[in-house]
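Here's the structure we're looking at; comments come further down.
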Amino acid sequence: MNFLLPYFYRTDLPKFFFSKYWWRKSTNEKVIYLTFDDGPVPIYTDWVLGQLRQYEAKATFFCVGENIQNYPAIFIKIMEEGHSVGNHTHNHLDGWRTPNTVYRENIRLCQQEMDKFELDRKPILFRPPYGKIKNSQFSTIEKEYQVVMWDVVTGDFDTRISPEVCWENARKLTRNGSIVVFHDSEKASPSLYYTLPRFLEYFAKQGFRFEKL
């Protein structure tokens, strides 16, 4: 059976069936775990880092290996500013459409780029692009990686929805312990630019803090 994640803004049902994945941290504290997928890239990752800096917020960046290869200075900057990083495959592969051996090798290639920076982090975090991963793929990596999904997907990547709708969905659905997904990418930038500053300001005023995984 493949892991099937329909595009829901909040993903409550899959958490029951796929409990080995991280979806949300169980806590009564006002803490949010921001995550950013698909970087590091110029302009957009730098902009995100600037926004986080204003609120002393920490986040987790799920990085594509070829982007680490192309923009190592930005990858280093993420870590220097106190954020955590995770593996997002080398070429942003769709696990459902990729043979297991190719998928596993693509994860290894991304990890190879990350390991150039002498990361010493356990568990190693992994997020499958599009949230698509086969059970057979998961079984080959579960001893090495902690698979991280999400509690709230902002939909910033979805050009069918407006930035205003993206912000309202993120505001209404985020709660204590939420793992929230944004994208530091050109495609997501209109909604990212609109939503992230409002998100940080609103939840900071509500007494939330922002931590890395």
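Miscellaneous remarks
- If you take the Cα centroid of the range 28-103 and the Cα centroid of the range 162-189, the two points sit 15 Å apart.
- In the range 90-133, Cα pairs under 8 Å separated by at least six residues give a relative contact order of 63 percent.
- Each Cα pair under 8 Å and six or more residues apart adds its sequence gap; the mean of these over the residue count of the chain is a relative contact order of 34 percent.
- In order along the range 49-65, the phi-based Karplus estimate (6.51 cos²θ - 1.76 cosθ + 1.60, θ = phi - 60°) of 3J(HN,Hα) comes to 4, x, 5, 5, 4, 4, 10, 6, 8, 10, 8, 10, 10, 8, 9, 7, x Hz; Gly and Pro are listed as x.
- Per-bin percent of Cα-Cα distances, the chain [10 Å]: 8, 37, 39, 15, 1
- Net charge contributed by nearby residues that have their C-beta within less than 11 Å of TYR103 (K/R +1, D/E -1): +3
- Fraction of beta bridges assigned by DSSP in the range 13-210 that are antiparallel (%, nearest 5): 5
- Helical contribution to [θ] at 222 nm, DSSP H n ≥ 4, -39,500 (n - 2.57), averaged over the chain, rounded to 500: -11500 deg cm²/dmol
- Each Lys or Arg adds one and each Asp or Glu subtracts one; over the other residues with Cβ under 15 Å from the Cβ of ALA204, this totals +3.
- DSSP-assigned coil residues among GluC sites (Glu not before Pro) in the range 41-108, each with at most 13 further Cβ atoms within 10 Å: GLU56, GLU81
- Rounded to whole numbers, the Karplus 3J(HN,Hα) couplings from phi for the range 130-142 are 6, x, 10, 8, 7, 4, 5, 6, 4, 5, 8, 10, 5 Hz, using 6.51 cos²θ - 1.76 cosθ + 1.60 with θ = phi - 60°, and x at Gly and Pro.
- Sites SER136 and LEU173, calculated FRET efficiency, Cβ-Cβ separation with R0 30 Å, nearest 0.05: 0.45
Each reported figure results from applying straightforward, stated rules to the coordinates on display, with no laboratory input. Since the model is a prediction, treat every value here as computed from it, not as a measurement. Note that we place each Cβ from the backbone using ideal geometry, even for glycine, and neighbour counts take in every protein chain shown.
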